[in-house]
Every structure is written in C-alpha cells, then in structure tokens.
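The values are calculated or read from the model by the stated rules, or taken from the named source; none is laboratory data. Quick caveat: nothing in here was measured; it's all calculated off a predicted structure. Backbone-built Cβ (ideal geometry, glycine too); neighbour counts: all protein chains shown.
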Amino acid sequence: MSAVRFGYVTGPVLGALWMVILATTVAVAMSFVTGEAFRPAVLLSLAWGAVLGGAAVYRLGGRIGLWAGGLLIFVATIAGFGPMAIEAGAVARGAAGLVLGAAFAWSFGLILEDLPSGALSRHEFEAAVIRFLTGFGYIFFTAIVLIPFYVMVMTSLKNQSELLQNPLDFSIDLSQGLGLFRSYVELIRDFNFGSYLWTSFYVSVLTVLITLAFSIPGAYAVARLRFRGQAMLSRSILLIYMVPMIVLALPIYIAFSVTGLRNTIIGIVMIYPVTTIPVALYMLQGYFRGLPAEIEEAGLMDGLSRLAVIWKITLPLSLPALASVSLYVFMIAWNEFLLAFMLLDDPSKFTLTRGIASLNSSEIPRQHLMAGSVIATVPIMALFLGLERFMTKGLTAGSVKG
C-alpha cells in the first residue's frame, strides 16, 4: 500500500492544503470588507494546517480538539504568527482570526470524518480526497460568482471622491445612511434609466411570447407528427448557432437600414426571436418526446382535435419545460447587447444593456456604470430564483391513472 494512504500522512497533507485555501479565502474576504491589508502567510499556513491535521487524525481531543485548534489559530493571528499576515488593527485581527479558526475547525472535521491514523482503505482515502476537492470547489466557484458582484455593488455605493482616493477600497461607510444609494437616484433621475428598464422588460416579454407562439407548434410537429424531412429538421434546428452573430451583424444592419426598421423597437422585437426560436424548438421537442403518447391518443379517441389535444393535454403537462424555456428566452433578450448596440441610436429607445453601454464614458462617474449593472443583474437573478422550482418540478406524475 502506498505510504500516502495512511491517515498520519493524509491528515497533515490535507490539513496543510486546506489551511492555505481557507487563509487565502478569509484574507481576500477581509480585504474586501474592511479595506485593510490581509494576505495569507503560506509557510505558516502549511505548518499550522499540517500540525492541526495530524492532531485531528490521532484523535487528540476529538471534535473538541479541532475547536481547540481553531482557538489557537485565533490567538496566533492576534499575536502575529498565525496563517495570515495582517496590517490592520486589533479588531480586524481578532475578526480574521475568529473566522479562520472557526472555519477550519468546522470544515476540516467534515473533511476528515473519522479518518483513522493507520492504513486507509482505498474507499476511505478517496472519500477524504473527494470531500477536500468538494470543499475547494464550493469555495472557488462561490468566489468566482460573488467577488465580481460584490465589487460591482460596493463600487455603486461609493461617491466620486472615495473612488479617486482609493479605487481598490471596497468597504462602505454605513454612517452615510440612505446617502449610499445616491448613484441609483441620480441614475433614474438624470440618465433616464427607468425608461431603459421598462423598454427591456416589455421587449423581453414580447420576445418570450413570440418565441413560444412559433416554437410550441414547431416542436410538437417535430416530436409527434410524421413527415418527409422530419429527421433532418430535428437535427438541423441548432445549425443557426454555428454561425457567429458577429458574422450576421452587417447583413442585418444593412437590411434593417434599407427597410427603415433600424432604430425602432419593432425591429428589435422582430430580430430577437430569430435568435431564440431555434433553442426553444430544440428544448421543447425533446420534452414533448418524453411525454406519454398514450395520453394524447386517448384525447384523440375521445373526439378532440389535434390543436385541442395540444392545448388541453400537452401544454398543461409541459409547464416545467415552458417555464424553463420562457426564463431562458427572457434572459437572452434581457441581456442581449450586440443587436441593440448596432440597431439603436435614439436614447429614448435604448434597452437596458444599450443604456449601460452609454454610461461607459470618461465623462460619467464609474459608480453610475456599476449602479446600472446592478439594476440589470438583480431583476434577472430574482426572476431565476422565483421560477427555479417550476423548472425542476415534474408535473407529469399521476397524469396517467390506471
């Protein structure tokens, strides 16, 4: 058996690596929150993690021993020889040490999960490594998502003098009260951002309705009906996505300019569904194929027409797919930028993304651009979280009663 597959080796190695990960995470988080200088001390992190990981494997105090180790990390951080190098006051040191110590004691206990100190079976070794990698994945992908959003929000709450004084300080002064939101007020009052928001909303809703109106019968025909070229049509639905939109930009611009549709909302509402109908067709035809055909056949035998079967049977059973497709199409239309940037020049007709692009100017303070980005991001996040259950809930259960 490899020497690595012994608890007295695996524990300290995982402990050392995990301490470096946590120290880096806490240092970055504290730097963003406080604006002070925090950084991981890599060598000390490795040493602390190896010692505490070895102690945990040998069951020195069990779970209480891990929390005692967390307390030692807290004390060492305050004293200046902990896993982080901190150039800040005592309060910040104490907060960082407390967070790091508690995080290590709790999370590393989950990673070890009664790992023995002696020889490990293959299952025990792999389970410990997988738990370690899972924890790292949670931290890494959470940081990728949260850090840009945090920077965007904090920047939008700054004023111009604060940004000029220290652009990398992402802490906020809560003593300003409602004054923190001055950028949002100025954005709505001075930059006509409410109009951009409304335009994007109804353009996105119209795009969803038009897309569903064309994709539902099209997807049903591909999934249920038999006709010449059905297989080819089914396979070629997504071929449009093989052509980059930037290649089509010039022909679309010329065509819309000649027909007078450029710089009009009607033109935008016409072109957006062209980009969303293929993916809606692909998603819906796959879902329709998964529905029990016996239910529709029973409806036809009861005298319903094909359209009545679609309306009364297929669509109610397809609500999860319809919700998923609607949300996806809405997000595409809400976030679309290239076509709006190319076709819209009149500020009174700007969509949200086009309006945000107009804020990207040296004459407009950076906090207004970030506030506009927050306004564009939050509604779509709320919509996704609100409709997520409809995307995953199966409504076909119990549709066939026997």
Against the definition (more than 30 Å from the chain's Cα centre (by Cα), part of a helix (DSSP H, G or I), exposed (fewer than 15 other Cβ atoms within 10 Å of the Cβ) and not small (Gly, Ala, Ser)), how does residue 247 come out, yes or no? no
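Report the residue count in segment 200-251 for those that are among the basic types (Lys, Arg), closer than 19 Å to residue 319 by Cβ and without any contact (Cβ under 8 Å) to a residue 40 or more places away in the chain.
Of all residues in segment 200-251, those among the basic types (Lys, Arg) come to 224, 226, 228, 235.
Cutting the leftovers down to closer than 19 Å to residue 319 by Cβ gives us 224.
Now drop any that are not without any contact (Cβ under 8 Å) to a residue 40 or more places away in the chain, which leaves none.
Of the residues in segment 200-251, 0 are among the basic types (Lys, Arg), closer than 19 Å to residue 319 by Cβ and without any contact (Cβ under 8 Å) to a residue 40 or more places away in the chain.
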Kindly provide the set of residues from segment 252-275 that are without any contact (Cβ under 8 Å) to a residue 40 or more places away in the chain, under 20 Å from residue 207 (Cβ atoms) and not hydrophobic (A, V, I, L, M, F, W, C), ordered by number. 259
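Would you say residue 156 is of a type in the set (Ser, Thr, Tyr), within 24 Å of residue 381 (Cβ to Cβ), at pLDDT 80 or above and in contact with a Ser or Thr (Cβ under 6 Å, 6 or more places away or on another chain)?
Working: of a type in the set (Ser, Thr, Tyr): yes; within 24 Å of residue 381 (Cβ to Cβ): yes; at pLDDT 80 or above: yes; in contact with a Ser or Thr (Cβ under 6 Å, 6 or more places away or on another chain): yes.
Judged against the criteria, residue 156 is a match.
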When you scan segment 173-192, do you find a residue that is more than 14 Å from residue 372 (Cβ to Cβ) and in a loop (DSSP other than H, G, I, E, B), even just one? yes
Could you please find all residues in segment 186-230 being surrounded by 15 or more Cβ atoms within 10 Å (Cβ to Cβ) and basic (Lys, Arg)? 224
Can you tell me which residues in segment 24-45 are within 16 Å of residue 90 (Cβ to Cβ) and not in a helix (DSSP H, G or I)? 36, 37, 38
Of the residues in segment 74-90 that are among the small types (Gly, Ala, Ser) and not in a helix (DSSP H, G or I), the one that is surrounded by the most Cβ atoms within 10 Å (Cβ to Cβ) is 82
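Rundown of residues vs (1) modelled with pLDDT of 85 or more; (2) within 18 Å of residue 40 (Cβ to Cβ), yes/no style:
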{"site": "94", "(1), (2)": "yes, yes"}
{"site": "98", "(1), (2)": "yes, yes"}
{"site": "102", "(1), (2)": "yes, yes"}
{"site": "113", "(1), (2)": "no, no"}
{"site": "119", "(1), (2)": "no, no"}
{"site": "126", "(1), (2)": "yes, no"}
{"site": "132", "(1), (2)": "yes, yes"}
{"site": "140", "(1), (2)": "yes, yes"}
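To keep it simple, each residue is scored yes or no on (1) in a loop (DSSP other than H, G, I, E, B); (2) surrounded by fewer than 18 Cβ atoms within 10 Å (Cβ to Cβ).
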{"position": "92", "(1), (2)": "no, no"}
{"position": "102", "(1), (2)": "no, yes"}
{"position": "106", "(1), (2)": "no, yes"}
{"position": "115", "(1), (2)": "yes, no"}
{"position": "124", "(1), (2)": "no, yes"}
{"position": "128", "(1), (2)": "no, no"}
{"position": "132", "(1), (2)": "no, no"}
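Has segment 296-303 got at least one residue that is in contact (Cβ under 8 Å) with a residue 60 or more places away in the chain and out of contact with any His (no Cβ under 8 Å at 6 or more places or on another chain)? Please lay out each step first, then the result.
Initially, segment 296-303 is screened for residues in contact (Cβ under 8 Å) with a residue 60 or more places away in the chain, giving 296.
Next, from what is left, pick out any that are out of contact with any His (no Cβ under 8 Å at 6 or more places or on another chain): 296.
Yes, the conditions are met somewhere in segment 296-303.
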For segment 159-199, how many residues are free of Cβ contacts under 8 Å to residues at least 12 places away in the same chain and either of a type in the set (Ser, Thr, Tyr) or within 30 Å of residue 270 (Cβ to Cβ) (or both)? 5
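This table checks each residue for (1) over 30 Å from residue 21 (Cβ atoms); (2) surrounded by 14 or more Cβ atoms within 10 Å (Cβ to Cβ).
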residue	(1), (2)
140	no, no
144	no, no
149	no, yes
154	no, yes
165	yes, no
169	no, yes
178	yes, no
184	yes, yes
